[in-house]
Amino acid sequence: MAYEFILVETRGPVGLITLNRPKALNALCAGLIADLGKALDDMEADDNIGAIVLTGSEKAFAAGADIKEMSGKSYMDVYLQDFITKGWERVTTCRKPVIAAVSGYALGGGCEMAMMCDFILAAETAKFGQPEITIGTIPGAGGTQRLTRFVGKSKAMEMNLTGRIMDAEEAERAGLVSRIIPATELISEAVATAEKIAGLSRPVVMMAKECVNKAYETTLSEGVKFERRVFHSTFATEDQKEGMAAFVEKRTPNFKNR
Ligand code: HXC
């Protein structure tokens, strides 16, 4: 499948999607979002792929939604098109794990896109921010909501009200990114991490992902109950039998994704 705005490759069991609009610092235009949605559909359908890495260039993961494409839209345009929900949330409905590997700018919609992934690995050059306020608007794909859940009210409020950009160290301290990686090793480390996940039991990985996501959608007691039910259900898989038997027999498990 040929794409205009992204590059797609597979590395073993890992699907690697690279946002590729270098002249616009990977600004997220409608065509790019459509390409991304198609690539994710294909990777979800491909049994050989167990996890996905989403990345950009060295200079920019993505510098936001495409301001030039957006600037002339009227209220009726954005309301009737449900701009910008359509397509963007495809990342959040992906059942396979998606890791964001962020180098350079992840601003506005770029930061929101990274936050829609399951976790963020950042190069030391990564810069995160919600600068929408400086161009007379606010985030429209979760920047006021997800960022607040990641870093707490004070930092999220400051970033949303001033547009201040956070560097990788601050982002790691605040819990926005899981790890900082030297820029030259970002892709290889993200792919290695995805490969490790892809080598585990696929259904159990999906269950774990569902449970962590549940923490954002419900109360603690309901979430713990949900987790317990799912934990119990792992005992219905062949992979739980294999994983525990392998531990007892001091060997590497051979998961069958069943
Ligand atoms: C369209 C963009 C863009 C964007 C950069 N470009 N960001 N085009 N939309 N979001 C284009 C520039 O116009 C320029 O094109 C080229 O990319 C290089 O950018 P420069 O500004 O020349 O680069 P630099 O001086 O290095 O500055 C980098 C930057 C700056 C700090 C990241 O580009 C910037 O501030 N960008 C906008 C960031 C932003 O406000 N993002 C939020 C967007 S609103 P030309 O043709 O001039 O060479 C948003 C809303 C989301 O995301 C709502 C819901 C999803």
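Which members of region 19-41 meet the condition of being under 18 Å from the mean Cα position of the chain (by Cα), away from the ligand (no atom under 12 Å from the Cβ) and in a helix (DSSP H, G or I)? Listed by number, the residues that qualify are Ala34, Asp35, Leu36, Gly37, Lys38, Ala39, Leu40, Asp41.
Of all the listed residues (Gly152, Gly108, Gly143, Gly136), the sole one being on the phi > 0 side of the Ramachandran plot, surrounded by 22 or more Cβ atoms within 10 Å (Cβ to Cβ) and modelled with pLDDT of 95 or more is Gly108. The residues of region 115-150 that are away from the ligand (no atom under 12 Å from the Cβ), assigned to a helix (DSSP H, G or I) and under 24 Å from Lys59 (Cβ atoms), listed by number, are Leu147, Phe150. Yes or no: region 66-87 includes at least one residue that is under 17 Å from the mean Cα position of the chain (by Cα), among the polar types (S, T, N, Q) and assigned to a strand (DSSP E or B). No: region 66-87 contains no residue that is under 17 Å from the mean Cα position of the chain (by Cα), among the polar types (S, T, N, Q) and assigned to a strand (DSSP E or B). Against the definition (within 29 Å of Leu200 (Cα to Cα), modelled with pLDDT of 95 or more, within 13 Å of the ligand (Cβ to nearest atom) and surrounded by 14 or more Cβ atoms within 10 Å (Cβ to Cβ)), how does Val91 come out, yes or no? It is true that Val91 is within 29 Å of Leu200 (Cα to Cα), modelled with pLDDT of 95 or more, within 13 Å of the ligand (Cβ to nearest atom) and surrounded by 14 or more Cβ atoms within 10 Å (Cβ to Cβ). Name the one entry in Glu172, Glu227 that is in contact (Cβ under 8 Å) with a residue 24 or more places away in the chain, acidic (Asp, Glu) and buried (at least 16 other Cβ atoms within 10 Å of the Cβ). Selected residue: Glu172, the only one of Glu172, Glu227 that is in contact (Cβ under 8 Å) with a residue 24 or more places away in the chain, acidic (Asp, Glu) and buried (at least 16 other Cβ atoms within 10 Å of the Cβ).
Can you confirm whether Val102 is away from the ligand (no atom under 16 Å from the Cβ) and closer than 29 Å to Glu172 by Cα? In short, no. Checked against (1) within 17 Å of Ser103 (Cα to Cα); (2) touching a residue at least 12 places away in the same chain (Cβ under 8 Å), Asn48 passes all but condition (1).
Pairs meeting the criteria (first residue in region 78-105 and aromatic (Phe, Trp, Tyr), second residue assigned to a strand (DSSP E or B) and within 13 Å of the ligand (Cβ to nearest atom), beta carbons under 6 Å, at least 6 apart or on different chains) are Tyr105/Ala60; Tyr105/Lys127.
What number of residues within region 42-59 satisfy the criterion of being within 14 Å of Glu112 (Cβ to Cβ) and within 12 Å of the ligand (Cβ to nearest atom)?
Total meeting the criteria: 1.
The values are calculated or read from the model by the stated rules, or taken from the named source; none is laboratory data. What you see is a predicted model, and the numbers here were worked out from it, not measured in a lab. Neighbour counts run over all protein chains shown; Cβ positions are idealised from the backbone, glycine included.
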